[in-house]
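FYI, it's all coordinate maths here, none of it is from the lab. Quantities reported herein were computed from a predicted structural model and do not represent experimental measurements. Methodologically, a virtual Cβ is constructed for each residue, glycine included, from the backbone with ideal geometry; neighbour enumeration extends over all protein chains shown.
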Amino acid sequence: MRKFLVILDDSRECLNAMRFAALRAGHTGGGVTILSIIPPEDIQHFMGVADVMRQEARERIEGHFEVFAKWMRDKQGVEPELVIREGEALSEILAHIREDPEIGVLVLGAGTDKSGPGPLVTQLSRNSGNLPVPITIVPGDMSKDRLEGIT
């Protein structure tokens, strides 16, 4: 089964990327893998404190995932998979794509503010010629109706 890989983070544009991945998976019989990455700076403390911070980050991620997962199950008939990794975002995304041969498309949401589309879109676009899968970049301000129309 071909899976759409979408990144769960705290950005607003993440929502449109989630919608797009779920809609495409629902229409094509594919799957969705939701990848969330805990950055190293979030857990650079003494061992006991780092473990608590890591657990809190995982609980927050799982809570956000459940919101998206419920919508995907109820509205699109898609059962998403959650993967949580720790490390630098770019390297963890690429590692996960290489480790899961069913990943067929990486879906990213593009930011809409003046600072640009966001660090992941910028970094991955620069390296897109060497990626093992195509990237779909979903505009962060695209309406729900428009998303539904193009998927």
### Query
What would the Debye formula give as log10 I(q)/I(0) at q = 0.22, 0.26, 0.28, 0.31 Å⁻¹ for the alpha-carbon point model of segment 107-151, no solvent?
-0.79, -0.94, -1.00, -1.09
### Query
Modelled label-to-label distance, Ser91 and Asn127, 7 Å Cα→beta-carbon offset: nm?
1.0 nm
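Counting residues in the chain as N, plug N into 2.2 N^0.38 Å and put the Cα Rg over that result. Kindly include the intermediate steps, with their values, before the conclusion.
Working: Rg = 15.3 Å, N = 151, 2.2 N^0.38 = 14.8 Å.
After normalising by residue count via 2.2 N^0.38 Å, the value is 1.03.
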### Query
For segment 28-97, what log10 I(q)/I(0) values come out of the Debye formula at q = 0.16, 0.17, 0.24, 0.26 1/Å, with one point per alpha carbon and no solvent?
-0.64, -0.70, -1.05, -1.12
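For the pair Asp113 and Glu81, what calculated FRET efficiency results from E = 1/(1 + (r/R0)^6), where r is the Cβ-Cβ distance and R0 = 30 Å, to the nearest 0.05? Don't skip to the answer; put the middle values down first.
Working: r = 30 Å, r/R0 = 1.01.
Efficiency at R0 = 30 Å is approximately 0.50.
Using DSSP to define loop residues, name the chymotrypsin sites (Phe, Trp or Tyr not before Pro) in segment 1-88 whose beta-carbon has at most 11 other beta-carbon atoms within 10 Å. List each step's numbers first, then the result.
On the way: sites: Phe4, Phe20, Phe46, Phe65, Phe68, Trp71; in loops: Phe46.
Here the sparse-neighbourhood loop sites are Phe46.
Beyond 18 Å, what share of the Cα-Cα pairs of segment 66-151 remains, rounded to the nearest whole percent? Don't jump to the answer; show the numbers that get you there.
Details: 2056 of 3655 pairs.
So the pairs more than 18 Å apart make up 56 percent of the total in segment 66-151.
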